[in-house]
Amino acid sequence: MNKYNPLAESLNKELSANGCRVLSMLSYQGSTIFFPRKGILGQGAEAKGSEINATIGTALEDDGSPLVLDCVLKSLNLPKNSFLYAPSFGNPDLRAAWKEQILIKNPSLKGKKFSTPVVTCALTHAISCAAYLFVNPGDTVYIPDLYWDNYELIFDNDRGAHIETFNTFKDGAFDTEALRYAIRKKGTTVGKKIVLLNFPNNPTGYTATEAEVDEIVKVLVESAEANDNVIVLLDDAYFGLVYEDGVTRESLFTKLADAHENLIAVKLDGPTKEDYVWGFRVGFMTFGFKGATDAQLKALEDKAAGVVRGNISNAPSISQKILLAAYQSEEYAKQKEEKYKTLKKRYDIIKQELAAHPEYAEAFEVMPFNSGYFMCVKPKGVDAEEVRQTLIKDYSTGTIMLKGLIRLAFSATPTDKLPKLYHNVYSAIKKLQK
């Protein structure tokens, strides 16, 4: 029995053509995965347009429209075809629209070659699919030490990889030297380097400055130049929500998509946080590397769609239809700007509130923040978990404790309650300090 399906072998041949290193960057499962173009989906596609099409497992009326319950249909102002399966690659019009959005939001990508996004079932699923493609059991994934705890389930529990953290902040800035040391330290062998970066960061609400981004790219390219296979996973969940000048407004993908032949950038993003559709569960995976051919990018799309097909079959069609309609709406940009202003106003109030209360420094250290949905404080002299519990019990205030910090979601806090939120945190810590 052959190790690889012939379709996988064909994709792998493309990914190793002309000295391309991408095949060697894939996990074992990533190398074996393929999109089943000759299976049920492929046979169904060949039958499209036939007078009688008894291929795909959907139920249709005699006129060819989907069988839909009226009680379901009346709750949605959508055409009946919204109830049909979406392709495993995603709705093709939505994929094109999201790629156009990426270019609008990242003008530095103009003229650069990168794949068409593949649709996943939200961003968590996109990260999981990327892990499937690139991470083997025993691999090391380098992540800043202030990170979203779901990474542990994805990389450690599910993939059997080892998460190695490096210091996130030094002197109020992103610690690029810690990143350099982690992946280039003495004793670290040349080989596969998987780095995950998340800006705006969850939990801290920090995005790298333009100068820090340049240094981050320099560090990653140094590793590629040293003959490492460098895979950079970019969790861009909160992309675009930046509130300060001098902070990068574009994804690191813009600088990494053509940075080096030995470096592949994987952009993992979606509308969940950007467009405030948390329950829609739509995300995207996009690939870029220097020297990529159209065929190689298409091969990566096929592998990504194969992972989706073998995992969930496809992402929700209704969500994709609604999003596509939104992106085609003349009101989209204006309405998105209005929601951004709501979050920016809350951010500004927090800054003003902290400046107006220097006594808060007796209770907590404010971690660097400039973007996203969150900010964090580090309690002084008391346990962060005790602070969290005290806030619930005595102040009717809910927060999240992560890595010894208290995470405050100003995105979910009414604007007029922000001063009270910070006063409650201060009061709870002072109470525990006594």
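Summary table below
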| quantity | calculated |
| --- | --- |
| Residues of segment 350-372 satisfying the condition of being over 18 Å from F174 (Cα atoms) and open to solvent by less than 40 Å² (accessible area, probe 1.4 Å) | I350, E353, L354, Y360, A363, F364 |
| Matching option when the condition is surrounded by fewer than 21 Cβ atoms within 10 Å (Cβ to Cβ) and of a type in the set (F, W, Y), among Y85, Y132, Y147 | Y85 |
| Members of segment 21-66 found to be of a type in the set (S, T, Y) and more than 28 Å from the chain's Cα centre (by Cα), listed by number | S50, T55, T58, S65 |
| Filter result for the condition that a residue is free of Cβ contacts under 8 Å to residues at least 24 places away in the same chain and open to solvent by less than 50 Å² (accessible area, probe 1.4 Å), over V68, V22 | V68 |
| The one condition in (1) of a type outside the set (V, I, T); (2) touching a Ser or Thr at 6+ places or on another chain (Cβ under 9 Å); (3) in a helix (DSSP H, G or I) that W278 fails to fulfil | (3) |
| Single condition G310 does not satisfy, out of (1) in a helix (DSSP H, G or I); (2) open to solvent by 50 Å² or more (accessible area, probe 1.4 Å); (3) out of contact with any Pro (no Cβ under 9 Å at 6 or more places or on another chain) | (3) |
| Segment 255-271: number of residues that are under 26 Å from C121 (Cβ atoms) and in contact with a Lys or Arg (Cβ under 8 Å, 6 or more places away or on another chain) | 1 |
| Every pair of residues 6+ apart whose Cβ atoms lie under 7 Å, when the first sits in segment 25-50 and is more than 16 Å from D302 (Cα to Cα) while the second is surrounded by fewer than 21 Cβ atoms within 10 Å (Cβ to Cβ) and among the aliphatic types (A, V, I, L, M) | G44/I56 |
| Search result, residues across segment 353-368 that are touching a helix residue (DSSP H, G or I) at 6+ places or on another chain (Cβ under 8 Å) and either part of a strand (DSSP E or B) or not hydroxyl-bearing (S, T, Y) (or both) | E353, L354, H357, E359, E362, A363, F364, V366 |
| Residue list for segment 389-424, filter: open to solvent by 60 Å² or more (accessible area, probe 1.4 Å), closer than 15 Å to P203 by Cα and assigned to a helix (DSSP H, G or I) | A412 |
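The values are calculated or read from the model by the stated rules, or taken from the named source; none is laboratory data. Everything numeric in this text was worked out from a predicted model, so none of it was measured. Note that we place each Cβ from the backbone using ideal geometry, even for glycine, and neighbour counts take in every protein chain shown. Ligands, DNA and RNA are excluded from the accessible area calculation, which covers all protein heavy atoms including side chains. Shrake-Rupley method; radii C 1.70, N 1.55, O 1.52, S 1.80 Å.
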